[in-house]
Amino acid sequence: MSLSVTASGLTPAHADPYPAPAAPDPTYVFAQVVELFSGTFTDLLTPGQFEYLVKAGILTNVGRLAEPFVNLSKPETWHTPDGAVGALAAAQQLWDALTHIAPFNLGFPPHPGYTPDWNNNGLFGVADIDDAMHDDTYDDPAYETAKFRLPCNNPDGSIWYETADGSCAPGDSGVAFKLGTVKKIQIVNARGITLAGKVFFPADVDPDNPGSEKRPATIGFPGASESQNDVAMYAQGAARNGYISFTFAQAGQPASDGNALDLLTPFLQVENCFAPGSCLDAQDVTRWVAGDDILPISDLNNEIGNIIRLQNPRLVRINPAYEPAGENKRNPWLDAIDTEHINLWGQSVGSIGMSSYLNYQDKGRGYDGRPLPRVSAASLMSGFTQHVASAAVQWQTADIDIPGLNQYGIIFPNPLFQATDGPIGTKDLYDMERRDPRSTNPMMYITYESGSHGDSINWLGVPHNPKSPALSVHYTMSWFNCYGRADADQTACDNLSKPRDGLSRAVATEYAPQGHYGPSYCVTIPDRATIEQIIRPQIFLQNLTSSPGWYDCTRQD
């Protein structure tokens with residue numbers, strides 16, 4: 001049977017079965033554990049990266065420890081026309097640092113392969129540790145704008161970059177590379193908390209003079225304790241594909257104000273979201289990108305009232321209205337954005353926030369009761385809450401991701417924790433959402449082979465399959481290029497039904513181009529077992545002893 005796919009979502013192109021049929025191999029379950037750490041070895045054995053990890057790790061963490069105390073040492077903090085406001089803000093900053101996720105933003109240094117040239121000396125990557133020191137510097141205009149190289153992720157885990165002639169080459173090859181521009185921004189969310197953001201522009205766009213051409217946009221969120229750089233392969237990959245690409249750190253996350261409780265509050269107030277801060281911030285940043293107003297949902301002058309509403313109390317809140325009434329500046333690139341084609345992506349708790357957006361989009365309103373900007377497509381990685389396919393939605397997880405027992409994560413629907421992940425929980429959620437007649441848009445479910453929760457993160461040395469970054473970026477960009485832009489790319493649409501090395505051999509990757517109203521086609525046919533399938537013994541035993549293994553999607557052949 002020969003099939004084809006279009007951006008309107010019909011049927012997928014024919015693809016040969018993947019993997020090639022093979023006899024059962026019970027040892028594969030154990031071999032996966034070894035492969036999971038192969039990405040760690042790839043990272044650390046790449047020339048210069050281990051030394052970078054040690055030096056940059058020490059220097060960036062020392063800087064992060066010192067940063068909250070800087071304002072406390074300034075005389076103007078204690079003697080201002082606004083009286084105690086400066087001191088209260090400095091005290092709030094120190095408290096936020098102590099209770100951040102993670103405290104003082106301690107953690108991995110920025111990945112050298114994705115770090116822009118913040119000091120503007122023409123050096124990139126392991127050649128310039130100083131850039132890592134300033135990746136999250138937001139209070140010095142010298143580090144507000146930088147150039148970045150456009151990454152080409154390779155299946156062996158290496159990162160090359162797009163050259164001036166459109167090919168890809170290693171960063172140390174001495175050829176001329178295309179360079180995009182990134183600018184740091186800050187906005188105020190509806191709870192009066194400042195969020196840090198970055199905007200990555202394609203190589204042919206000057207952010208100071210973007211021209212009249214309207215381009216699609218993407219908006220991305222990192223996972224818990226992750227910086228924006230930790231998911232930069234998606235942001236920079238989108239810029240390479242012609243998108244104006246935004247990332248934001250949620251309240252309580254690295255570089256943003258707020259603390260851990262701001263990520264987890266208001267308690268029990270946001271439907272199907274155990275991390276309400278991420279879900280609320282997803283609505284705020286999308287409104288800002290689309291040019292809509294952000295209205296306060298916290299009382300800016302009454303913390304007792306905020307506590308009663310189960311919000312985290314703060315010493316200082318900022319008015320999110322646009323200037324001059326408040327502190328927010330309007331999106332200066334709004335005229336360059338095709339607001340009919342905004343796309344969302346996120347990792348872990350960032351993905352939970354973005355999947356919650358789809359739930360509210362289906363309702364036709366946001367948390368505050370006002371209409372939300374409509375998004376075209378979403379690519380969600382390793383963290384999901386219940387929603388319907390109110391946009392074209394792609395789920396990505398890994399064989400050894402955090403194990404969700406079912407579509408509600410643990411046992412049954414509950415108001416406290418219902419996020420899910422892993423090959424079992426994500427498959428259950430995909431099936432549940434596909435059965436819902438409100439899921440009128442295309443849907444896709446992807447599992448990486450022998451991967452973990454770290455396969456969609458840029459942390460150096462985190463256990464992962466080195467094939468996964470290239471695989472994940474490929475399917476995310478194909479998804480957006482097919483469903484998230486006015487000039488849909490037919491090649492990208494066709495790519496969605498074609499398997500690539502690195503997809504799970506234990507779980508079928510599936511694609512339902514008509515959502516609820518059509519079949520879910522098999523992109524892969526499993527022939528192996530993975531350890532997390534022990535949760536479903538019947539599947540584990542069948543995959544361990546039979547080939548092909550268990551699947552319930554519709555074969556393309």
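Laboratory data are not the source of any read-out in this text; all were calculated from the coordinates shown. Bear in mind that the values here come from a model prediction, so they are computed numbers and not experimental data. Here the Cβ is made from the backbone with ideal geometry for all residues, glycine too, and neighbour counts use every protein chain on show.
Taking a sphere under 15 Å around the Cβ of Pro320 and counting the other residues whose Cβ falls inside, with K and R at +1 and D and E at -1, yields a net charge of -3.
Residues Ser348, Ser38, Ser73, arranged from fewest to most other Cβ atoms within 10 angstrom of their Cβ, appear as Ser73, Ser38, Ser348. Convex hull of alpha carbon positions in the stretch 192-340: directionally averaged projected area 9.4 nm². Toward the positive end of the charge dipole of the stretch 112-555, with +1 on the Cβ of Lys and Arg and -1 on the Cβ of Asp and Glu, the farthest Cα among Asn312, Ser356, Gly211 is that of Ser356. Separation of the stretch 328-362 from the stretch 139-167 is 23 Å, based on Cα centroids. Highest mean packing comes first when the peptides 310-322, 22-34 are listed by Cβ atoms within 10 Å, giving 310-322, 22-34. The calculated pair-distance distribution of the stretch 145-257 uses every alpha carbon pair, bins of 5 angstrom beginning at 0, and gives 2, 12, 20, 21, 19, 13, 8, 3, 1, 0 percent.
Mind running the shape call on the stretch 280-356? Use the C-alpha gyration tensor, a ≥ b ≥ c as the square roots of the eigenvalues: rounded below 1.5 for a/c, prolate if a/b tops b/c, oblate otherwise.
It comes out oblate by the Cα gyration axes.
In terms of other Cβ atoms within 10 Å, His341, His474, His464 run from fewest to most in the order His474, His341, His464. The phi-based Karplus calculation (6.51 cos²θ - 1.76 cosθ + 1.60; θ = phi - 60°) puts the 3J(HN,Hα) values of the stretch 435-452 at 6, 7, x, 6, 7, 8, 9, x, 9, 8, 10, 10, 10, 7, 6, 6, x, 10 Hz, whole numbers, x for Gly and Pro. Selection among Ala470, Gly166, Thr530 by position relative to the dipole of the chain gives Thr530 as farthest towards the positive end (Cβ unit charges, Cα centre).
Dimensions of the stretch 412-501 based on its C-alpha atoms, expressed as ranges along the principal axes with the largest first, amount to 42, 41, 20 Å. DSSP finds beta bridges in the stretch 112-555, and of those with both partners inside it, around 50 percent are antiparallel.
What's the ranking of 409-418, 386-395 by average number of surrounding C-beta atoms within 10 Å, highest first?
Numbers: 409-418: 13.3, 386-395: 24.4.
Top of the packing list down: 386-395, 409-418.
Sequence-ordered 3J(HN,Hα) estimates for the stretch 531-547 from the Karplus curve with 6.51, -1.76 and 1.60 and θ = phi - 60° stand at 4, 5, 6, 4, 4, 10, x, 5, 6, 4, 5, 5, 5, 6, 10, 10, 9 Hz, glycine and proline given as x.
Straight Cα distances below 20 angstrom link Lys74 to the aspartates and glutamates Asp82, Asp96, Asp139, Asp140, Asp257, with same-chain residues fewer than 8 positions distant left out. Cβ crowding within 10 Å, taken as a proxy for footprinting-reagent exposure, orders Asp43, Asp208 from fewest neighbours to most as Asp208, Asp43.
Could you state the per residue volume, in Å³, of the convex hull enclosing the Cα atoms of the stretch 491-557?
Values: hull volume 6.7 nm³, N = 67.
Once divided by residue count, the hull of the stretch 491-557 is 101 Å³.
Note the full-extension length gain between Asp431 and Leu98 as 0.36 nm times their separation in residues minus their Cα-Cα distance, in nm to one decimal.
Working: separation 333, 0.36 × 333 = 119.88 nm, distance 4.14 nm.
Extending this stretch completely gives an extra 115.7 nm.
The distance between label points at Asn121 and Asn154 comes to 2.7 nm (points 7 Å beyond Cα on the Cα→Cβ vector). Charge dipole (Cα centre; +1 on Lys/Arg Cβ, -1 on Asp/Glu Cβ; no other charges) of the chain amounts to roughly 920 debye. Remark on Ile185: its backbone amide H falls under 5 Å from those of Gly197, Lys198, Val199, a criterion applied only to residues 5 or more positions apart or on other chains, H modelled at 1.01 Å from N. Shape analysis of the stretch 284-432 places it in the oblate category; the axes a ≥ b ≥ c from the Cα gyration tensor give an a/c of at least 1.5, with a/b not above b/c.
In whole angstrom, the chain maps to an equivalent ellipsoid with semi-axes of 37, 27, 23, each derived as √(5λ) from the alpha carbon gyration tensor and ordered largest first.
Using the Karplus relation 6.51 cos²θ - 1.76 cosθ + 1.60 with θ = phi - 60°, the per-residue 3J(HN,Hα) values for the stretch 493-508 come to 4, 5, 4, 5, 9, 9, x, 10, 4, x, 6, 4, 9, 9, 10, 6 Hz, with x marking Gly and Pro.
Rounded to the nearest 5, what is the percent of antiparallel bridges among the DSSP beta bridges in the stretch 183-338? Antiparallel bridges make up about 60 percent of those DSSP assigns within the stretch 183-338.
Placing unit charges on the Cβ atoms of the charged side chains and taking the dipole of the stretch 112-555 about its Cα centre, the candidate lying farthest along the positive direction among Tyr483, Asn229, Leu300 is Tyr483.
When the Cα gyration tensor is reduced to axis lengths a ≥ b ≥ c, the ratio a/c stays below 1.5 for the stretch 400-557, which is therefore classed as rounded. Computed over the alpha-carbon pairs of the stretch 337-411, the distance histogram in 5 Å steps reads 4, 16, 25, 24, 17, 8, 5, 2, 0 percent, short to long.
Just list whichever of Lys183/Lys467; Lys183/Lys363; Lys184/Lys329; Lys427/Lys498; Lys198/Lys329; Lys178/Lys198 have alpha carbons separated by over 22 Å in the model shown. Mind dumping the intermediate values first?
Values: Lys183/Lys467 30 Å; Lys183/Lys363 34 Å; Lys184/Lys329 13 Å; Lys427/Lys498 19 Å; Lys198/Lys329 15 Å; Lys178/Lys198 19 Å.
Flagged as over cut-off: Lys183/Lys467; Lys183/Lys363.
Mean sequence separation of contacting Cα pairs (under 8 Å, at least six apart), scaled by the length of the stretch 112-555, corresponds to a relative contact order of 12 percent.
Would you kindly state how much longer the chain becomes between Thr27 and Leu405 on full extension, computed as 0.36 nm times their sequence separation minus their alpha carbon distance, in nm to one decimal?
Details: separation 378, 0.36 × 378 = 136.08 nm, distance 2.41 nm.
Working it through step by step, the gained length comes to 133.7 nm.
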